[in-house]
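Asks: Mind looking over this structure? Questions follow.
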Ligand SMILES: [Zn+2]
């Protein structure tokens, strides 16, 4: 089971983490992934990815850091179980934060199955809607909002200095 952990005090993050944990425990979430026809930039089927996510045993930890407001977070290839969230992000909707969390969860599942590939290549977002991280994150957002998900994680390069990161 994938579990998201946050021990900080930001109420919106706490709420988003609860929402993400509920989604990750909801069979409907995996059914929606399984029902998708195919992902671009993936060498396995959506059904296989749904199974890998469902069977994964990962605890993801939320880490707040500071970046420019247009950025949501970044992918951490060295610590894929960390979800780096920009505390100054302009988008502080619950669904947008859940989008970021689920996007990083897909990367983390891929990291433990490196024989497969279901990422999104470079950090630019345009044209990536049908890659597994973006599509599955949007799917989670849609389950929450009952509207088409469109947050699409705005990535930046990992910061050179991680001094501002604080765990939990
Ligand atoms: Zn990513």
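The values are calculated or read from the model by the stated rules, or taken from the named source; none is laboratory data. Keep in mind that this is a model prediction, so the values were computed, not measured. Every residue, glycine among them, receives a Cβ derived from its backbone with ideal geometry; neighbour counts consider all protein chains shown.
Asks: For residues in segment 90-106 being within 15 Å of residue 156 (Cα to Cα) and either at pLDDT 95 or above or touching a helix residue (DSSP H, G or I) at 6+ places or on another chain (Cβ under 7 Å) (or both), which is surrounded by the most Cβ atoms within 10 Å (Cβ to Cβ)?
Replies: 103
Asks: Restricting attention to segment 23-41, which residues are within 16 Å of residue 141 (Cα to Cα) and touching a helix residue (DSSP H, G or I) at 6+ places or on another chain (Cβ under 6 Å)?
Replies: Residues satisfying the conditions are 23, 29, 30, 32, 33, 36.
Asks: If you go through segment 137-159, how many residues are without any contact (Cβ under 8 Å) to a residue 12 or more places away in the chain and surrounded by fewer than 16 Cβ atoms within 10 Å (Cβ to Cβ)?
Replies: Residues of segment 137-159 that are without any contact (Cβ under 8 Å) to a residue 12 or more places away in the chain, as a first pass: 142, 146-148.
Still in the running and surrounded by fewer than 16 Cβ atoms within 10 Å (Cβ to Cβ): 146-148.
Summing the residues that are without any contact (Cβ under 8 Å) to a residue 12 or more places away in the chain and surrounded by fewer than 16 Cβ atoms within 10 Å (Cβ to Cβ) in segment 137-159 gives 3.
Asks: Considering only helices (runs of 4 or more DSSP H) fully contained in segment 13-132, which possess at least 3 residues that are within 13 Å of the ligand (Cβ to nearest atom) and in contact (Cβ under 8 Å) with a residue 60 or more places away in the chain?
Replies: It comes to 94-111.
Asks: Another question about this same structure. Among the residues of segment 111-128, which ones are modelled with pLDDT of 95 or more and more than 12 Å from the chain's Cα centre (by Cα)?
Replies: Matches in segment 111-128: 111, 112, 113, 114, 115, 116, 117, 118, 120.
Asks: Something else now. So which residues in segment 109-123 are buried (at least 22 other Cβ atoms within 10 Å of the Cβ) and within 12 Å of residue 76 (Cα to Cα), if there are any at all?
Replies: Across segment 109-123, there are no qualifying residues.
Residue-by-condition table, conditions (1) farther than 17 Å from residue 153 by Cβ; (2) in contact with a helix residue (DSSP H, G or I) (Cβ under 6 Å, 6 or more places away or on another chain); (3) surrounded by fewer than 16 Cβ atoms within 10 Å (Cβ to Cβ):
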{"site": "19", "(1), (2), (3)": "no, yes, no"}
{"site": "59", "(1), (2), (3)": "yes, no, yes"}
{"site": "78", "(1), (2), (3)": "yes, no, yes"}
{"site": "87", "(1), (2), (3)": "no, no, yes"}
